[in-house]
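Here is the structure we will look at, set down as structure tokens.
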Amino acid sequence: MAALYEEILDIAVQNFSSKERDHFILSKGHAGPALYSTLYLKGFFDHDFLWSLNRNGTHLTSHPDRNLTPGVDTTTGSLGQGISVATGVAYAKKIEGAPYFTYTLVGDGELNEGQRWEAAQFAAHHELSHLIVFVDDNKKQLDGPLLKSAKLLIL
Ligand SMILES: Cc1ncc(C[n+]2csc(CCOP(=O)(O)OP(=O)(O)O)c2C)c(N)n1
Ligand SMILES: [Mg+2]
């Protein structure tokens, strides 16, 4: 994510309040701390802010909350939903003729969610060429190996 934000994404503190930019949606919301480290590197908040992770009353919840944390595009944590939101954002950009890209990161275990099928079918139907979906193919889900069904989806 550090490489993506530094080298590829058109997302910065200066353009975040505008829709004239790329979007990134962390569909596997339980990886929130990885996103927060990246947002810190991009200057969305100070280093000290990172120490508030998961504290009572924090603005840095373990799963990203767009209403709490600067730089977060979408509230995620319920697996399967982020990819659907990303598809909707990419479709909106296409309708507007905007040149921007929408990126999302999904887990390989998350691919078990039925919702992601509908998102994939929608994206294909509308030929969303500016939607980029990364799969974190780590062969694990939570504390065990990936279900065989999810492996088939990746193949
Ligand atoms: C709809 C939904 N069901 C269950 C969970 C609980 N949950 C959190 S992480 C996780 C495992 C997901 O596996 P994967 O996407 O491969 O992520 P990884 O463990 O590799 O980080 C599950 C089932 C959830 N967050 N949302
Ligand atoms: Mg996994």
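Check the range 105-112 and report whether any residue there is crowded, with 20+ Cβ neighbours inside 10 Å and closer than 15 Å to Asp22 by Cα.
Scanning the range 105-112, I find at least one residue that is crowded, with 20+ Cβ neighbours inside 10 Å and closer than 15 Å to Asp22 by Cα, so the answer is yes.
So that you can scan it fast, the table gives a plain yes or no per residue for (1) of a type in the set (Lys, Arg); (2) within 16 Å of ligand 1 (Cβ to nearest atom); (3) loosely packed, with under 13 Cβ neighbours inside 10 Å:
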{"residue": "Ile11", "(1), (2), (3)": "no, no, no"}
{"residue": "His23", "(1), (2), (3)": "no, no, no"}
{"residue": "Tyr36", "(1), (2), (3)": "no, yes, no"}
{"residue": "Leu39", "(1), (2), (3)": "no, no, no"}
{"residue": "Lys42", "(1), (2), (3)": "yes, no, no"}
{"residue": "Asp46", "(1), (2), (3)": "no, no, yes"}
{"residue": "Phe49", "(1), (2), (3)": "no, no, no"}
{"residue": "Ser52", "(1), (2), (3)": "no, no, no"}
Worksheet item: Can we say Leu60 is among the hydrophobic types (A, V, I, L, M, F, W, C), within 16 Å of ligand 2 (Cβ to nearest atom), modelled with pLDDT of 95 or more and assigned to a loop (DSSP other than H, G, I, E, B)?
Response: no
Item to complete: Name the one entry in Glu118, Glu127 that is over 15 Å from Gln81 (Cα atoms), more than 14 Å from the chain's Cα centre (by Cα) and surrounded by fewer than 17 Cβ atoms within 10 Å (Cβ to Cβ).
Response: Glu127
Worksheet item: How many of the residues in the range 79-134 are under 23 Å from Leu4 (Cα atoms), within 16 Å of ligand 1 (Cβ to nearest atom) and either touching a Pro at 6+ places or on another chain (Cβ under 9 Å) or not β-branched (Val, Ile, Thr) (or both)?
Response: 16
Worksheet entry | Contacts under 6 angstrom Cβ, first residue in the range 128-140 being in contact (Cβ under 8 Å) with a residue 24 or more places away in the chain, partner within 8 Å of ligand 1 (Cβ to nearest atom), 6 or more apart | Val135/Val106; Val135/Asp108; Asp136/Gly107; Asp137/Asp108; Lys139/Leu146
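Would you mind finding the one in Gly77, Gly88 that is within 24 Å of Glu20 (Cβ to Cβ) and either assigned to a loop (DSSP other than H, G, I, E, B) or more than 16 Å from ligand 2 (Cβ to nearest atom) (or both)?
Just a single option satisfies the conditions, and that option is Gly88.
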Fill in: Neighbours by Cβ (under 7 Å, 6+ apart or cross-chain): first from the range 27-42, within 17 Å of Asp136 (Cβ to Cβ); second within 13 Å of ligand 2 (Cβ to nearest atom) and among the acidic types (Asp, Glu)
Ser27/Glu110; Lys28/Glu110; Lys28/Asp136
Worksheet item: Which one is surrounded by the most Cβ atoms within 10 Å (Cβ to Cβ) among residues in the range 54-74 that are within 16 Å of ligand 1 (Cβ to nearest atom) and without any contact (Cβ under 8 Å) to a residue 40 or more places away in the chain?
Response: Pro64
Item to complete: Filter the range 18-57 for residues that are part of a helix (DSSP H, G or I) and farther than 24 Å from Gly80 by Cα and give the result.
Response: Tyr40, Leu41, His47, Asp48, Phe49, Leu50, Trp51, Ser52
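The values are calculated or read from the model by the stated rules, or taken from the named source; none is laboratory data. Note that the structure is predicted; figures quoted are calculated from it, not measured. Cβ sites come from the backbone with ideal geometry, for glycine too, and all protein chains shown count toward neighbours.
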